[in-house]
Amino acid sequence: MKCRFNSAPIFKSLFFTCFLFSSLLCTAQQNEIVAKLVKEGIALHDKGDYEAAIAKFDKALILDPYDYEANFEKASSLLYAGKYDESIAISKLLIEKFQDRPNVKGAYVTLGSAYDDKGNTDSALFAYNEGIKRFPDFYLLHFNKGLMYARQKKWDEAEISFYETMKLKPNHAGSLYYTSLMHEKSNKVAAIISGLTFLAVEPEGKRAKGIYEYMFELFGSFALKTDKGDNIITLSKDGFDKKDKENNFSMVNMMMGLTVASAITDSVKAKTDVAKLSLYMQMMTNSLSIGQKDGKGIYWKTYAPFLIAMKEKDQMDVFAHIASITSGNEENIKWINDNQDKLKAFYEWMDKYEWKK
């Protein structure tokens, strides 16, 4: 008796396996192409060639119309290109289709920014608030909300949003930069603390150059010389009206006025700007150390300990050199080039520093 085997099911199974493998291989290759096109588009965006970037993203989307990264990056380039309605449409699509993805939080930032740049602040505020409701710990939502308020000159609201950003990410350069400028008239010490921390995070570039010069103006404003050569101590009203309010630096203002006044001598003037900056910082840090225990608010709790720790770790002189990079001083440039090991040690310390909250 002969046994007969039905080979058709085996053949069919083998065919299906080969087909599935081939399909997976094609999908993998397609995903690689999409990823490559997105990467090329991002590079073009970073160069400021937004139209070329959009074209790259469009090619990626032909292969995979619902690729999250391609859509997200296209929305971003459309925003920078001033094509707000298109950016808004894609951002809304991402929020709707990918609502369960953690990275959809970025789409809320783009959506709010597009509405804000378009001039529709009500919709921008709604987008940011919806994003914050879902992702309360995403610092960029708070930061962009702060920028929106700053554009409207709603400084109190902007300050609240920037503070929220700084609580979540204390070394966020943008928030430090804007709070430093915002506090020039209202809280000089807070302005200096934000500015110095900003320079630790971002010591080079146009913003750094402006903040560096601004720091000398603020430090110098604690005590001014008259035409007769006398020192006049100038005090801001930080905290004089409400002794228990947050970020009250009334005592620091007074101590800085006294110490800076005594430091304005010909010998100090003859020193380099690096040495003067280091001296001013150490004066202020001494004052902060005295008031730290009773101080309230984010500057006392988060940023004063950072500057105090910098001084305790003997990193303040190194930081003064780093902060002075934009000055263009040849002596400082030489010091920077000759002391790369000290710069490395500073940033290793800063990277490991645990911010107080």
- Accessible surface of segment 154-203 [probe 1.4 Å, protein heavy atoms]: carbon and sulfur percent: 49
- Query: Which stretch or stretches of segment 182-202 have amide N atoms under 20 Å from the point lying 7 Å from LYS153's Cα along the Cα→Cβ direction?
  - Reply: 182-187
- Item | Long-range amide H partners of ALA223 with built H, under 5 Å | THR234
- Note on the structure: The alpha-carbon center of segment 125-179 and that of segment 38-104 are separated, in whole Å, by 23
- Given the convex hull over the Cα atoms of segment 50-150, what projected area results after averaging over all orientations, in nm²? 5.9
- Rank these by accessible area, largest first, 1.4 Å probe: ARG151, ARG101. ARG151, ARG101
- Task: Hand me the GluC sites (Glu not before Pro) from segment 308-357 located in a DSSP loop with no more than 16 other Cβ atoms within 10 Å, in residue order please.
- Result: GLU354
- Task: Over segment 86-141, average the accessible area per residue using a 1.4 Å probe and give it in Å², no decimals.
- Result: 50
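The values are calculated or read from the model by the stated rules, or taken from the named source; none is laboratory data. Here the structure is a predicted model, which means the values were calculated and not measured. Virtual Cβ from ideal backbone geometry, glycine too; neighbours counted across all protein chains shown. Heads up: the accessible areas ignore ligands, DNA and RNA and are worked out on the full protein's heavy atoms, side chains in. Shrake-Rupley method; radii C 1.70, N 1.55, O 1.52, S 1.80 Å.
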